[in-house]
1. (1) open to solvent by less than 40 Å² (accessible area, probe 1.4 Å); (2) touching a helix residue (DSSP H, G or I) at 6+ places or on another chain (Cβ under 8 Å); (3) closer than 18 Å to Asp27 by Cβ; (4) not in a loop (DSSP other than H, G, I, E, B): which one isn't true of Met55, the others all being true?
2. Tally the residues that are open to solvent by 100 Å² or more (accessible area, probe 1.4 Å) and either outside any strand (DSSP E or B) or in contact (Cβ under 8 Å) with a residue 12 or more places away in the chain (or both), restricting the search to the range 80-93.
3. Based on this model, can you work out whether Trp77 counts as touching a Ser or Thr at 6+ places or on another chain (Cβ under 9 Å), loosely packed, with under 11 Cβ neighbours inside 10 Å and not charged (D, E, K, R)?
4. Given the criterion surrounded by 11 or more Cβ atoms within 10 Å (Cβ to Cβ) and out of contact with any strand residue (DSSP E or B) (no Cβ under 6 Å at 6 or more places or on another chain), identify the matching residue among Val65, Val7.
5. Is it the case, given these coordinates, that Asp37 is acidic (Asp, Glu), under 22 Å from Asp22 (Cβ atoms), open to solvent by 40 Å² or more (accessible area, probe 1.4 Å) and in a loop (DSSP other than H, G, I, E, B)?
6. Inspect all residues belonging to the range 18-33 and state whether any of them is assigned to a strand (DSSP E or B), out of contact with any helix residue (DSSP H, G or I) (no Cβ under 9 Å at 6 or more places or on another chain), modelled with pLDDT of 90 or more and not aliphatic (A, V, I, L, M).
Amino acid sequence: GSADGAVISRARNAAVNVWRIDPNESDGWWRVETNYDHWNAVPKADDRRDPANAMMEALGSPSNVNKDSMTDVMKTWPVFNPHTTFTTIINPSTGLHNTSVWRSVS
């Protein structure tokens, strides 16, 4: 169903937090997870979460989500930045699983 997704934050031996998709919330049809636990503030020097959430909100609804729109979100500064190691887009309903591994050039 529409509420079948979750971000599970784990400690070594147990789940610390389960953050579920909730289509009853205006921003609940998506979840943005970065390197920082969603319940904590992000460091000002590495705020990818707020821009990613704004881009998802601008999409307007799940019907506007597809591989191209998600690639646009994931490859837009500062969501994508020199510290990005990999980007994964998964859509279980279509079987899409796309991972890009980024390597820095020194």
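1. (1)
2. Of the residues in the range 80-93, 5 are open to solvent by 100 Å² or more (accessible area, probe 1.4 Å) and either outside any strand (DSSP E or B) or in contact (Cβ under 8 Å) with a residue 12 or more places away in the chain (or both).
3. Answer is no for this residue.
4. Working: Val7 fails: out of contact with any strand residue (DSSP E or B) (no Cβ under 6 Å at 6 or more places or on another chain).
None of the others qualify; the one that does is Val65.
5. yes
6. As a first pass, look at the range 18-33 and keep what is assigned to a strand (DSSP E or B): 18-20.
With the extra rule that they be out of contact with any helix residue (DSSP H, G or I) (no Cβ under 9 Å at 6 or more places or on another chain), the set shrinks to 18-20.
From what is left, the residues that are modelled with pLDDT of 90 or more are 18-20.
Those left that are additionally not aliphatic (A, V, I, L, M): 19-20.
Yes, the conditions are met somewhere in the range 18-33.
The values are calculated or read from the model by the stated rules, or taken from the named source; none is laboratory data. Every value quoted in this text rests on a predicted model; they were computed, and no experiment measured them. No Cβ is skipped: glycine too gets one built from the backbone with ideal geometry, and neighbour counts run over all protein chains shown. When the accessible area is computed, the model is the full protein with side chains, heavy atoms only, and any ligands, DNA or RNA have been set aside. Shrake-Rupley method; radii C 1.70, N 1.55, O 1.52, S 1.80 Å.
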